[in-house]
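Just below is one structure, and these are the notes that go with it.
Rule-based calculations on the coordinates, nothing more; no lab input. It should be emphasised that the depicted structure is a prediction, and the values quoted were computed from it without experimental measurement. Virtual Cβ from ideal backbone geometry, glycine too; neighbours counted across all protein chains shown.
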Amino acid sequence: MRPNRRAIVFLAAVMMCWSAPALPAKGGPTLRELQQAVAAEPKNPQARYMLGLKYEIEGRPQLALKEYAEALKLKPDYPEVLLRSGEVKFMQGDAAAGIREVERALRLNPRAPQAREALAFMHGRQGLTHIEQGRPQEALASLETALKYNPRDDGLLNNLGVVLSQLGRPAEAREAFEAAARANPNNPQAQFNLGVAYLLEGNKEGALQQYAILGLTRPQEAAELFALISFPDRSGMDPSYGKFRSVAPGRYPESFRTPPTPDYPSPLQSAPGLDTGGRHPSSLPGSRLR
């Protein structure tokens, strides 16, 4: 009995589907797939890195740090892992270790903008902590280091002015506030602090100019500055009256908030951010990663 034509076409289609390579999974490999890849190649630092990224994305930082540590045992000069590990450690409260690892990442890849941005943020956060805890000398060192990585950051410049004023260097403090206001005219703390600095130097006209600038967008700060200009002796009634104001750093930089996502079709051969010379090709067949 001869098979009919429709049956032959159907069987051919089934065979083609059976033999065709699996399509790449959308959204990158799953956690289980990456765990299996690491189990199959435990000495592959890139596989460890990819699994660590997946743990980060899924909100499991301690497991991510464990995989990053394993990757660094296998490849100590792995800048991408050092950056990720350092940022996670910083967010988990180990600021000193986090900074050390990101600094190592930057030494290995001096042109990495994410590392420079991260270090500016980290040292800036440390500087603010020192200000709040009454350690101006330590705050000065942290902020000066942060500004080496991001010299035009208005928040860092403003906080530098606050510290310089605490250290009895009013002219330098005013210059820092001026630089902060130039870098970001919409920074209300910098504009307010600059008005106070002018007032302390006896420059009432400069203080009134800052009042006018603030009045356009920040009426509350403008009113407070005008009250200080008009009634400077009120400082004895309110300890915070006329004090310079520090700026808390904004949200974590993008690299902190959004770890790179592993992609198909060859996740162990194309880790995010890894240059060609540092790749660790996987011997796993593609079907084992799908």
Worksheet item: Once the dipole of region 138-257 is set up with Lys and Arg at +1 and Asp and Glu at -1 on Cβ about the Cα centre, which of P253, S165, L225 lies farthest towards its positive end?
Response: P253
Worksheet item: If you count, for each residue, the other Cβ atoms within 10 Å and average over each peptide, how do 93-101, 151-159 line up from highest to lowest?
Response: 151-159, 93-101
Discussion item. Explain nothing, just the number: relative contact order of region 138-257, from Cα pairs under 8 Å at least 6 residues apart, as a whole percent.
Written reply: 21
Fill in: Inter-label distance for A227 and T258, nm, one decimal - labels placed 7 Å from Cα along Cα-to-Cβ
4.1
Response to the item:
Given 45-52, 174-181, 200-207, 140-147, the highest-first ranking by average Cβ count within 10 Å works out to 45-52, 174-181, 140-147, 200-207
Item to complete: Using packing as a proxy for protection, rank 104-115, 122-133 so that the peptide with the highest average count of other Cβ atoms within 10 Å comes first.
Response: 122-133, 104-115
Worksheet item: Quick one: Cα centre-to-centre distance for region 184-236 and region 82-121, in angstrom?
Response: 37
Worksheet item: Distance in nm between label sites at A212 and M91, each 7 Å beyond Cα in the beta-carbon direction?
Response: 4.6
Worksheet item: Which order results if V162, V247 are arranged by neighbouring Cβ count within 10 Å, fewest first?
Response: V247, V162
Discussion item. Please report the equivalent ellipsoid semi-axes of region 24-111, computed as sqrt(5 x eigenvalue) of the Cα gyration tensor, largest first, in whole Å.
Written reply: 22, 14, 11
Practice prompt. Using the Karplus curve 6.51 cos²θ - 1.76 cosθ + 1.60 with θ = phi - 60°, work out ³J(HN,Hα) for each residue of region 149-156 in order, rounded to whole Hz, and write x for Gly and Pro.
Written response: 8, 8, x, 10, 6, 5, x, 5
